[in-house]
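The block underneath contains the structure these notes are about, expressed in structure tokens.
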Amino acid sequence: MKKILLAVPLCLALSLTVAAQRNMPQAMQKLLNAEYAISTLYVDSVNEEKLVEDAIKGMLENLDPHSSYTDAKETKELEEPLQGEFSGVGIQFNMNQDTLYVIQTVPGGPSERVGVLAGDRIITVNDTVIAGVKMRNSDIQKRLRGKKGTRVTIQVKRPGVKELITFRITRDNIPLHSIDASYMLDEKTAYLRISRFGAKTHEEMMDALKQLKKQGMTQLIMDLSDNGGGYLNAAIDMCNEFLERGQLMVYTEGDNSPRNEANANGWGDYKDLHMVVMVNQFSASAAEIFAGAMQDWDRAVVVGRRTFGKGLVQRPFKFEDGSMMRLTVARYYTPSGRCIQKPYSRGDKKAYEHELVDRANEGEYYSLDSIQFNDTLRYTTRLNGRTIYGGGGVMPDVFVPIDTTEYSTYYRDLSAKGIINQYSIGYVDEHRKALAKQYKTLKDFDDRFIVTDEMMRDFIAMGEKDSVKYDEEKYRTSEQLLKDIIKGLIARGVYGDQSAYSVIINHRNRDVQAAYEVLNDRERFDRLLREGNPEYERLVKKD
């Protein structure tokens, strides 16, 4: 028995060529030998593919928090939002009491072409009932999406029509947009919200800015709040539109990756546009590259809260089966030399993921006095030489605390159970025609529509039916917040535009208000770019 076991490495060695053995590192030989032994000699049958996948995952788990492995299915789902399109039927939907409710159809898309309307409820997909069966959104998407040119048959229930209506839809490419909202706040101030950095983000941004310029834009609020990043090249292309020729936008470097710089070519169309960049604790990666570059060149005032702190560059390695390993190969640095990556311990992904919660517990989101800057991590901006700080994430030039004055557990429970969405969808469903007739434009709706006390009584009753007990005191605390969110969701449902929600809700968004105030106080704006925020000096921790 011992002889057989001792012979295993010899057999493995013989399975490799002499040249391969000579050139292969000892650690790699060990790994191959282990895999071969398990797959050929283990007492029970094993899934060799899963064995290899688990080995790859195990190796990556002991590296940094962002190196990862995804199987073929996960890889496709990961890449799809960044590619700029997918194949499907072209609807935006929401779930209302276990029923798929069409919020809007993609203009010119497959569903619109055959006559599907906003407000339709999809009952069946290819003879499979999806209504009232508590099917997950991801499972519904699988049934509606498919290869371009393939067909799917759906049956819908339309308000006012007794029988189900059958549509046969030919799937087509559906665009995935990076721009969530683009509109004028006043006659000169534009607002642009970008949700991700994908393959077509730069193109979409340029189209949006062109339209805003036609409407009178002379200054811009670029909202990157909650933007988790995406493609590095998308951020570089965006930076290029706002910086002068030769200005460094970002550089990457690692122990096994030589320094690689990206410099502006000077051809940008918006190098003189006055701008504020909005960020928060969920702005990450490519969003931090853009914000960092604008801050480092004193090109824009950054407003909000310290960003996430993801400054690691992943290189994708695709395998023949469609799976992919994303391996961190370098760190990226802003023009001043700051590495945005926040500290981490190898192999301790749990602590890394908990870091945002730690920030909240320490009060960073709510009070400027809870923040400390490390004196050893001072940097200076490239033009004006004002002080900025490294250590993880981009610290804004103007800190805006989260407003918790209208938050209550009653609001939390209503939101968590989806009551706010359910009520808004139901209201639009019942009053869609009347609303569209009474309020011809979104501006008209914004100016005149009021969420009445009667509506709120119906809303409260819906919550009670779903075990959210009414609390008078907590309701009064959150009343205006609830009304504003409901109004925004109704607007989105009626006008079929992502901007509709932003138009309504941004009236109360403290980050937007702060950005607007800075942008329209030119003396303060210029002083911040010239001198920085004087309040930060008293928060410096000197070792």
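The values are calculated or read from the model by the stated rules, or taken from the named source; none is laboratory data. Note that the coordinates shown come from a computational prediction; the quantities given were computed from them, not determined experimentally. Heads up, the Cβs are rebuilt from the backbone with ideal geometry, glycines too, and the neighbour counts pull from every protein chain shown.
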Exercise. Restricting the search to region 180-201, which residues are assigned to a strand (DSSP E or B) and either at pLDDT below 90 or of a type in the set (Lys, Arg) (or both)?
Worked result: ASP180, ARG193
Seminar exercise, completed: Flagged in region 151-171 as free of Cβ contacts under 8 Å to residues at least 60 places away in the same chain and of a type in the set (A, V, I, L, M), in numbering order, are VAL156, VAL161, LEU164, ILE165
Exercise. Taking region 434-463, which residues are in a helix (DSSP H, G or I), loosely packed, with under 12 Cβ neighbours inside 10 Å and within 33 Å of the chain's Cα centre (by Cα)?
Worked result: LYS443, ASP444, ASP447, ARG448
For this session: Go through region 491-521 and count every residue that is farther than 23 Å from PHE445 by Cα, charged (D, E, K, R) and in contact (Cβ under 8 Å) with a residue 40 or more places away in the chain.
Result: 1
Exercise. On the given criteria, is PHE317 surrounded by fewer than 20 Cβ atoms within 10 Å (Cβ to Cβ) and under 22 Å from the mean Cα position of the chain (by Cα)?
Worked result: no
Problem set entry | Scope region 220-251; condition part of a loop (DSSP other than H, G, I, E, B), in contact with a Gly (Cβ under 8 Å, 6 or more places away or on another chain) and touching a residue at least 24 places away in the same chain (Cβ under 8 Å); matching residues | SER225, TYR231, GLU241, PHE242, LEU243, GLU244
Exercise. Which helices (runs of 4 or more DSSP H) does region 344-416 wholly contain that include 1 or more residues that are free of Cβ contacts under 8 Å to residues at least 12 places away in the same chain and among the basic types (Lys, Arg)?
Worked result: 349-353, 409-416
Seminar exercise, completed: If we take region 1-116, then helices (runs of 4 or more DSSP H) inside it with 2 or more residues that are modelled with pLDDT of 80 or more and out of contact with any His (no Cβ under 6 Å at 6 or more places or on another chain) are 26-41, 48-61, 72-83, 110-114
Exercise. For region 503-523, which residues satisfy the criterion of being under 18 Å from ASN280 (Cβ atoms) and not in a helix (DSSP H, G or I)?
Worked result: ASN506, ARG508, ASN509
